[in-house]
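K.L.:
Input: one structure, supplied below.
Please treat every number below as a calculation from the coordinates, not as lab data. The shown structure was predicted, so the numbers you read here are calculated from the model rather than taken from an experiment. All Cβ positions, glycine included, derive from the backbone under ideal geometry; neighbour counts span all protein chains shown.
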Amino acid sequence: MDAVNDLNDQLPMRARRAARQVVERRYRSWSLAHVLWLGLALPTLVLAQGDGNVHTGGYLGVLYGHNAVGGEFDDTVVLRGANEVIDVPRMNAGGGAGLLWGIRTSGGGGFEIGWHRSRHRTTSVLLGDSRATLSFLDFDGKWGLYREGPVRAWLLFGFGFPKLVVERSRITGAGRSDASYSGYSLNLGAGVAYYPLPRLGLTFDLLWRRTEFTSVQGEAIDEGLKGPGRALRFATTWAY
């Protein structure tokens with residue numbers, strides 16, 4: 001308890017210091033991710049040879065994604081409980097892998113369930129640098145926009161369930177431990193796919209998420225904690 005009270009006494013001064021954000025670093029990281037992924041994806045789309053027939057029905061896939069998280073995860077928010085203080089750090093963009101399962105229709109749309117996990121570096125004036133793990137379980141519908149030969153394009157609408165674990169950001173009388181957040185997200189995105197083989201798909205999409213974390217350590221957060229973000233994803237799928 002003494003550690004929690006001492007930290008609370010310091011919060012006003014340190015919260016003002018934390019308000020000085022280095023937003024440009026986050027967006028430089030995000031821009032670099034765009035360039036890297038476009039560099040990988042575009043040559044693949046140009047060089048691959050498809051026969052124009054795309055297999056419909058069920059498919060499985062693996063993906064790599066790059067997530068950026070903003071909103072109130074900017075090192076200016078601290079959550080206080082009866083016997084604990086939880087620091088909400090600034091989160092840098094980070095990458096990770098995931099799995100997909102979906103159903104593809106002849107019109108280029110479909111339905112998809114995806115799980116993705118990414119690792120992030122965090123920065124906090126109060127507690128220093130640390131790491132965080134962000135995972136999403138997404139349920140998305142795809143509406144076909146374009147279908148010509150082996151190329152498909154779509155809009156994506158859906159929802160998801162995020163889980164975020166920030167290492168050593170929770171302070172109690174017993175010391176520091178991890179803080180675990182959960183909530184929901186609303187998803188909006190667009191993507192394109194190329195099929196060099198009828199069953200093999202190479203997809204590239206950009207996803208915007210309106211994320212709100214509603215609980216931490218199983219306790220409700222008053223008014224929620226906003227963490228809107230974006231994801232840049234590249235996936236390989238195989239229809240069965």
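K.L.:
Between R117 and D178, what is the spin-label point distance in nm, taking each point 7 Å from the Cα along the Cα→C-beta axis?
P.N.:
Each label point is offset 7 Å from its Cα along the Cβ direction, giving 0.9 nm.
K.L.:
Using a 7 Å offset from the Cα along the Cα-to-Cβ direction at both R199 and I103, what is the distance between the two label points in nm, to one decimal?
P.N.:
Result: 2.0 nm between the two label points.
K.L.:
Sorted by average packing, counted as other Cβ atoms within 10 angstrom per residue and highest first, what order do 155-164, 62-71 take?
P.N.:
Result, highest mean Cβ count within 10 Å first: 62-71, 155-164.
K.L.:
Please sort 167-179, 83-95 by packing, taking for each peptide the average over its residues of neighbouring beta carbons within 10 angstrom, highest first.
P.N.:
Highest to lowest by the protection proxy: 83-95, 167-179.
K.L.:
Expressed in nm to one decimal, what extension gain is obtained for the pair A153 and A190 from 0.36 nm per residue of sequence separation less their Cα-Cα distance?
P.N.:
12.6 nm
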